[in-house]
Structures are given as structure tokens and as C-alpha cells.
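Have a look at the structure below, then the notes.
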Amino acid sequence: MSHFVPDKSFFRIGEVSRLTATKPFVLRYWETEFPMLQPVKSPKGHRLYRREDVQTVMEIRRLLYDEGFTIAGARRHLREHNGHASEHNGDATTSQDGEVNGGAKRSAAVSPNADPLPTINRKVLLDLRDALRAFLTLLETE
């Protein structure tokens, strides 16, 4: 998601909402779930998002809506990447708790002589899971 962010230092919640196509109540909720998202407060108590906060919101939105991460998985992904927005290359691996993450760990673990594993993003896996559940339901009704 590459959006134009106006050249200014601070943005009010309504501006961030429009820039990121995210409702203000969702932004306020994400502040409670993502410690790296900490807008400053004006003297009147209004939220003022910095440019890096807007970029973090865009990355959170991409992880949750486009990549299909859970909130916990997106939080972990951002924490592992120092809270900075990162370019995602579509690689995916599954951690011990079943969360799908970026492919950096897998590529480091694969030996140079081994064939690389196919890259599957989380959305493809979720779609596959849903299709398999539908087939299972059809089989159980027969």
C-alpha cells in the first residue's frame, strides 16, 4: 500500500483515517494493541500522529487486511522488524505457535544445496484452509 503522505510533521486522527482508509475507532483500538503506535497528545488532548506513526498504521493495515495476520502476529512481526514498515516479499513461514511470518528466518535455515521451498503468503493459506473446511463439510453431509 503506497499512499501519498503530505509533507508535514503531525496529523490529526481524521487525516490519518482518510490517508489510511481506516476508521478512527480502529486507529484508537490499534493504539492499545500495538505499543509502537503512540501518537502524541496536543495540550487539548487531541491525538497527533507523526509521519512514522502514519507509516506504522499503513503497515499494520497491510499486515492485518492484505496479509491476513492476526493482531498478535502483526504485533510480533512489527516488533521483530523494530516497528518500522518493511517491504514484504511474499515469503512466509510458520512459527512454532502456527503464526505465519516473513520468510527471512526460513531462507537462513535452508542450506545452499537444498531446493528452496515454495513461497506461500498467509492469505493463500487461509483461503486454502477455508476451501478444505468447505469440502469437509460436504463430505460429512453425505
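The values are calculated or read from the model by the stated rules, or taken from the named source; none is laboratory data. Just so it is clear, the model here is predicted, and its values are computed rather than measured. We place every Cβ from the backbone using ideal geometry, glycine too, and count neighbours over all the protein chains shown.
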Could you please find all residues in region 54-76 being in contact with a Leu (Cβ under 6 Å, 6 or more places away or on another chain), in a helix (DSSP H, G or I) and not aliphatic (A, V, I, L, M)? THR56
Single residue of PRO112, PRO43, PRO118, PRO39 found to be surrounded by fewer than 14 Cβ atoms within 10 Å (Cβ to Cβ) and either within 11 Å of the chain's Cα centre (by Cα) or modelled with pLDDT of 90 or more (or both): PRO43
Go through region 46-60 and report how many residues are of a type outside the set (Ser, Thr, Tyr) and buried (at least 19 other Cβ atoms within 10 Å of the Cβ). 7
Go through region 1-53 residue by residue and tally those that are over 19 Å from ILE71 (Cβ atoms), in contact (Cβ under 8 Å) with a residue 40 or more places away in the chain and part of a helix (DSSP H, G or I). 1
Of the residues in region 77-98, how many are modelled with pLDDT under 50 and either under 24 Å from THR22 (Cα atoms) or in a helix (DSSP H, G or I) (or both)? 8
Only one residue in LEU27, LEU48, LEU63 is within 27 Å of LEU125 (Cβ to Cβ), of a type outside the set (S, T, N, Q) and in contact with a Phe, Trp or Tyr (Cβ under 9 Å, 6 or more places away or on another chain). Which one? LEU63
